[in-house]
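The values are calculated or read from the model by the stated rules, or taken from the named source; none is laboratory data. Just so we're clear, the structure is a prediction, and the values are computed from it rather than from any experiment. Heads up, the Cβs are rebuilt from the backbone with ideal geometry, glycines too, and the neighbour counts pull from every protein chain shown.
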Amino acid sequence: MELTFLGTGAGTPSKERNVSALALTLLQEASGVWLFDCGEATQHQLLYTNIKPGKINKIFITHMHGDHIFGLPGFLSSRSFLGGTECLTIYGPPGIKEFIDTSLLTSQTHLTYPLVIREIDSQRIFEDNQFTVDCFGLDHGVPSFGFRITEKDRPGELLVDKLHSKGIQPGPIYQQIKDKPVVTTPDGQTLYREQFLGPSKKGRTISILGDTRYKEEHIQFIQDSDILVHEATFNQTSEERAKKYYHSTTAQAAEIAKKANADMLVLTHISSRYQYDDYPELLKEARAIFPNTELAFDLFQVPIPIK
């Protein structure tokens, strides 16, 4: 599991930062890659990574501002040209379906893969055997969402010594015990999985927020996240400006990470008014409140190890 920041700027692209896009690689966990937002030139940014467009099978759109969606038509088209055949599901606010349908229709783009578009509200929007994805409303003047991705707890380690004591040797039976609650061995023994596995391993949680003002109400949704990705469009002295434009500051992002008991904070969506020489100060502002903070840059990667 790994995060790759494809675009970390705000509003318009700059020489140092492209506009918003973030990939969550789940090749081992879910045989795919999930994309969060798809600003202009996201497909160009992908060329500098090892992420294949055909492996992206879910896209989550935080809100309908152009710096978060203008890369979608090009990406969808290129995914066809590059041989994509697997179904792609897009989750986004009201209006996302009309935007995509109109773009594909007027450009006469014909996709080679099934496309499913789901317009979302604050609720659980996805669940399978490994993950849940919940979305919640933010404060940005237009419908804007945050996403909480929760990996379900994984089975503990096999208690090999206990299996040996039952005369059960390594082989396919070990995998069966992991996969099934009850297994019958060739010699007729009935094995109950919970008796031969150690304690469950806690799953990982990643919270990715779209553009938003600082709101105490968000804490409950991002509580205890392993990684919190939060916008920091402005520095800490620009709190009034941030409020006016429905954004957050470095200090506000750090404050909410602290109150939510997150393990790590990654700042993104940085205004182009801040240049390379300003970045150390932006990071310093956040770390004064929440020490385990990183300031994302384009193509920045964050591995999320198993606990």
_Members of the stretch 94-123 that are surrounded by 12 or more Cβ atoms within 10 Å (Cβ to Cβ) and either under 26 Å from residue 204 (Cβ atoms) or of a type in the set (A, V, I, L, M) (or both)_ = 96, 100, 104, 111, 115, 117, 118, 120, 121, 122
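Among residues belonging to the stretch 297-307 that are under 25 Å from residue 29 (Cα atoms) and outside any strand (DSSP E or B), point out the one that is farthest from the chain's Cα centre (by Cα). Step through it out loud before you land on a result.
Step one: list which residues in the stretch 297-307 are under 25 Å from residue 29 (Cα atoms), which gives 298-307.
From what is left, the residues that are outside any strand (DSSP E or B) are 298-300, 304-307.
Values: 298: 16, 299: 15, 300: 14, 304: 11, 305: 15, 306: 16, 307: 18 Å.
Residue satisfying both the conditions and the ranking: 307.
Please enumerate the residues belonging to the stretch 139-169 that are polar (S, T, N, Q) and assigned to a helix (DSSP H, G or I). Even if it seems obvious, please write down each step before you answer.
Step one: filter the stretch 139-169 for residues polar (S, T, N, Q), giving 144, 150, 165, 169.
Hit for the stretch 139-169 is 165, nothing else.
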*Contacts under 6 angstrom Cβ, first residue in the stretch 199-215 being over 13 Å from residue 151 (Cβ atoms), partner part of a strand (DSSP E or B), 6 or more apart*: 208/36; 208/147; 208/229; 209/146; 209/230; 210/145; 211/231
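Only residues that are aromatic (Phe, Trp, Tyr) and over 25 Å from residue 217 (Cα atoms): list them for the stretch 128-182, please. Explain how you work it out, then say what you get.
Taking the stretch 128-182 as the starting set, the residues that turn out to be aromatic (Phe, Trp, Tyr) are 131, 136, 145, 147, 174.
Correct list: 174 only.
Every residue in the stretch 15-50 that is among the hydroxyl-bearing types (Ser, Thr, Tyr) and surrounded by fewer than 17 Cβ atoms within 10 Å (Cβ to Cβ), please.
Step one: filter the stretch 15-50 for residues among the hydroxyl-bearing types (Ser, Thr, Tyr), giving 20, 25, 31, 42, 48-49.
Listed by number, the residues that qualify are 31, 48, 49.
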*Kindly list the number of the only condition in (1) under 23 Å from residue 141 (Cβ atoms); (2) more than 19 Å from the chain's Cα centre (by Cα); (3) buried (at least 21 other Cβ atoms within 10 Å of the Cβ) that fails for residue 282.*
(1)
_Condition check for residue 250: crowded, with 24+ Cβ neighbours inside 10 Å and without any contact (Cβ under 8 Å) to a residue 40 or more places away in the chain_ = yes
*Could you tell me which residue of the stretch 157-183 is modelled with the lowest pLDDT, considering only residues that are under 31 Å from the mean Cα position of the chain (by Cα) and surrounded by 15 or more Cβ atoms within 10 Å (Cβ to Cβ)?*
178
*asked:* Of all residues being among the hydrophobic types (A, V, I, L, M, F, W, C) and at pLDDT 95 or above in the stretch 65-82, which is surrounded by the most Cβ atoms within 10 Å (Cβ to Cβ)? Just the residue, please.
replied: 69
*Given (1) among the acidic types (Asp, Glu); (2) over 22 Å from the mean Cα position of the chain (by Cα); (3) outside any helix (DSSP H, G or I), number of the condition residue 294 does not satisfy*: (2)
*Residues (in contact with a Lys or Arg (Cβ under 7 Å, 6 or more places away or on another chain) and either in a helix (DSSP H, G or I) or in contact (Cβ under 8 Å) with a residue 40 or more places away in the chain (or both)) located in the stretch 60-114*: 91
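Take residue 260 and decide whether it is more than 15 Å from residue 134 (Cβ to Cβ) and out of contact with any Cys (no Cβ under 7 Å at 6 or more places or on another chain). First the steps, then the outcome.
Working: more than 15 Å from residue 134 (Cβ to Cβ): no; out of contact with any Cys (no Cβ under 7 Å at 6 or more places or on another chain): yes.
It is false that residue 260 is more than 15 Å from residue 134 (Cβ to Cβ) and out of contact with any Cys (no Cβ under 7 Å at 6 or more places or on another chain).
Would you mind finding the one in 8, 85, 102 that is modelled with pLDDT under 95, β-branched (Val, Ile, Thr) and assigned by TED's automatic domain parsing to the domain that holds residue 279? Give the derivation first.
On the way: 8 fails: modelled with pLDDT under 95; 102 fails: modelled with pLDDT under 95.
The match here is 85.
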